[in-house]
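The values are calculated or read from the model by the stated rules, or taken from the named source; none is laboratory data. Because the structure is a prediction, the values reported are computed rather than measured. Because the Cβ atoms are built from the backbone with ideal geometry, glycine has one as well, and the counts that use them run over all protein chains shown. When the accessible area is computed, the model is the full protein with side chains, heavy atoms only, and any ligands, DNA or RNA have been set aside. Shrake-Rupley method; radii C 1.70, N 1.55, O 1.52, S 1.80 Å.
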Amino acid sequence: MNAQPQQEHHWLDRLVGEWTYEIECGMGSESDRSQSKPKGIEIVRSLGGFWTVAETDGEMPECGTVKTITTLGYDPKTDRYVGTFVGSMMAHLWVYSGSLDATGKVLTLEAEGPNFSDTAIVKYQDIHEFISDDRRTLTSRILGEDGNWNQFMTSHYWRKNDK
């Protein structure tokens with residue numbers, strides 16, 4: 001194989017670099033969201049121009065200090081972005097499949113995993129949005145029994161610039 005990265009792979013290059021993040025958690029209104037804002041660092045590198053590998057080291061609500069690894073790539077055969085997520089605070093391997101919106105700024109990834117009470121497997125979405133080249137958000141949602149998506153976490157990322 002001697003494939004060449006495609007335009008969709010190049011979109012992932014925007015993620016490469018070192019980022020700081022801050023998390024807001026909770027469902028419902030602003031007043032329901034956690035008052036503490038856990039923080040951490042994410043380092044994203046490219047793997048051959050086809051994949052990104054993101055490693056985080058930081059805090060997560062109700063989990064303390066955690067480490068996570070996210071892989072993201074693009075599968076031209078299915079025309080979908082694909083990837084995985086694992087974390088030091090859980091035993092579940094999250095498998096992503098998703099697509100970009102028409103603006104090219106929002107990547108919505110879908111996955112299945114245990115609900116908050118660990119009694120069923122449910123649908124989740126992780127929505128990555130670029131605000132600028134140096135600022136992005138990750139919004140996580142769970143599909144409720146009522147068929148509505150419920151946001152439970154938003155991570156705000158700022159690119160670390162060496163100046």
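Some notes on this structure:
- Single residue of the stretch 18-30 satisfying the filter (among the small types (Gly, Ala, Ser) and at pLDDT 50 or above) that is most open to solvent (accessible area, probe 1.4 Å): Gly28
- Check on Asp79, out of contact with any Cys (no Cβ under 8 Å at 6 or more places or on another chain) and at positive phi: yes
- Figure legend. Inter-residue proximity from the stretch 68-82: first residues in contact (Cβ under 8 Å) with a residue 12 or more places away in the chain, second residues open to solvent by less than 70 Å² (accessible area, probe 1.4 Å) and β-branched (Val, Ile, Thr), beta-carbon distance below 6 Å, spacing 6+ or different chains. Indicated pairs: Thr68/Thr56; Ile69/Val86; Thr71/Val53; Thr71/Thr84; Leu72/Thr52; Gly73/Val82.
- Matching residues in the stretch 115-142 - criterion: being open to solvent by 50 Å² or more (accessible area, probe 1.4 Å), free of Cβ contacts under 8 Å to residues at least 40 places away in the same chain and of a type outside the set (Phe, Trp, Tyr): Ser117, Asp118, Thr119, Ile121, Lys123, Glu129, Ile131, Ser132, Asp134, Arg135, Arg141
- Boolean, Glu112 is assigned to a strand (DSSP E or B) and surrounded by 15 or more Cβ atoms within 10 Å (Cβ to Cβ): no
- All positions within the stretch 91-109 that are without any contact (Cβ under 8 Å) to a residue 12 or more places away in the chain and either open to solvent by less than 50 Å² (accessible area, probe 1.4 Å) or not small (Gly, Ala, Ser) (or both): Leu93, Asp101, Thr103
- Within the stretch 95-150, being at pLDDT 95 or above, over 17 Å from Glu8 (Cα atoms) and of a type in the set (S, T, N, Q) holds for Gln125, Ser132, Thr137, Thr139, Ser140, Asn148, Asn150.
- Residue within the stretch 31-48 that is of a type outside the set (Asp, Glu), at pLDDT 95 or above, in a loop (DSSP other than H, G, I, E, B) and surrounded by fewer than 13 Cβ atoms within 10 Å (Cβ to Cβ) present: yes
- Residues that are of a type in the set (Asp, Glu) and touching a residue at least 24 places away in the same chain (Cβ under 8 Å) within the stretch 53-67 comprise just one, Glu59.
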